[in-house]
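The structure appears below as structure tokens.
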Amino acid sequence: MAYVVGLLATDGCLSGDRRHIILTSRDRQLVETYLICLGRPLRWRLGRTRRGKRAYYAQFSDVLFYDWLLSIGLTPRKSLTLGPIDVPDAYLIPLARGLLDGDGSICVFRDKPTRAKYPNYEYERLWVFFLSASRAHIDWLRGRIKESFGLIGYVERIVRKKRHDLFRLKYGKRESIILLRLLYSDPNAPCLDRKRQKWINYAYTNRVVCAEGGI
């Protein structure tokens, strides 16, 4: 359920009628995983985003679930107002995995940090990002991860013309490895497969231990 909350806090929507819960994603597997976690039929519809890209929509009515989501911090029109989420420490990791799968990213790329002096030297970078239009939510997430796991990260502001600014919580290579080990320590935990595979590929290439008993 903590993973589901993470998805709804990013890609979800609580309708104004105080009944319907909607999840929108361009990843069909993510929508189906969400419905499986909730024990609901795999019913979704295919539509288009505002930018014309294909997306999958899962919607159902559940007043009790809706009210519970309100009680832990989710709200209608939450994009700019989302703040802390009332999650126990024991469930922070699955919640964070849901936030990552919804509006986060794992970035792996090769960089040449000293092109002028050492043009042939390449360095493989690994970054983990969490993205939100709400600074309060990003600051809360950073604080909880720091308190629980000692990871600092830092917040970047992304200025967009004629649109609301975005805030990105970013972890560098060392902290990303620690965080990803935690997020994917259980191979059976629900997640977006393509993001987990990106971490596995990185760990395999760089001979990094994924988790206890892992690579």
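Given R0 = 22 Å, the distance between the Cβ atoms of Gln197 and Thr49 translates into a calculated FRET efficiency of 0.35. Given their separation in residues at 0.36 nm each and the Cα-Cα distance between them, His164 and Ser15 gain 51.5 nm when the chain is fully extended. Sparse packing (at most 13 other Cβ atoms within 10 Å of the Cβ) combined with a DSSP loop state is found for the following trypsin sites (Lys or Arg not before Pro) in the range 1-101: Arg18, Arg26, Arg43, Arg50, Arg51, Lys53, Arg77. Annotation: extensible slack from Arg135 through Leu80 equals 19.0 nm (criterion: 0.36 nm per residue apart, minus Cα-Cα distance). Computed over the range 8-157, relative contact order equals 19 percent, with contacts defined as Cα pairs under 8 Å that lie 6+ residues apart.
Relative to the longest principal axis of the Cα atoms of the chain, helix 2-11 runs at roughly 90 degrees. Alpha-carbon geometry of the range 67-106: the Rg and the Dmax are 10.9, 32 Å, given in that order. Calculated mean residue ellipticity, 222 nm, the chain: -11500 deg cm²/dmol, from DSSP H runs (n ≥ 4) at -39500 (n - 2.57) each, averaged per residue and rounded to 500. Charged side chains reduced to their Cβ positions (Lys and Arg at +1, Asp and Glu at -1) give the chain a dipole of some 1300 debye around its Cα centre.
Kirkwood-type hydrodynamic radius, the range 1-121: 16.0 Å, calculated from all non-identical alpha-carbon pairs.
Using a ≥ b ≥ c from the Cα gyration tensor of the chain (square roots of the eigenvalues), is it rounded, prolate or oblate, where a/c under 1.5 gives rounded and otherwise the larger of a/b and b/c decides, a/b for prolate? Because a/c hits 1.5 or more and a/b exceeds b/c, the chain counts as prolate.
Of the residues Asn188, Gly47, Gly83, the one whose Cα sits farthest toward the positive end of the charge dipole of the range 2-205, with +1 on the Cβ of Lys and Arg and -1 on the Cβ of Asp and Glu, is Gly47. Counting other Cβ atoms within 10 Å, which trypsin sites (Lys or Arg not before Pro) in the range 144-211 have at most 15 and lie in a DSSP loop? Here the trypsin sites (Lys or Arg not before Pro) that fit, given the DSSP loop and packing criteria, are Arg160, Lys161, Lys162, Arg163, Arg207. Pairing the Cα long axis of helix 193-205 with the longest principal axis of the chain, what angle in degrees results, from 0 to 90 and rounded to the nearest 10? Roughly 10 degrees, rounded to the nearest 10. In the structure shown, the pairs Lys53/Lys146; Lys78/Lys161; Lys78/Lys162 are assessed against 24 Å; a Cα-Cα span above that value is assigned to Lys53/Lys146.
FYI, it's all coordinate maths here, none of it is from the lab. Model, not experiment: these values are computed from the prediction. Cβ coordinates were reconstructed from backbone atoms using ideal geometry, including for glycine residues, and neighbour counts include every protein chain displayed.
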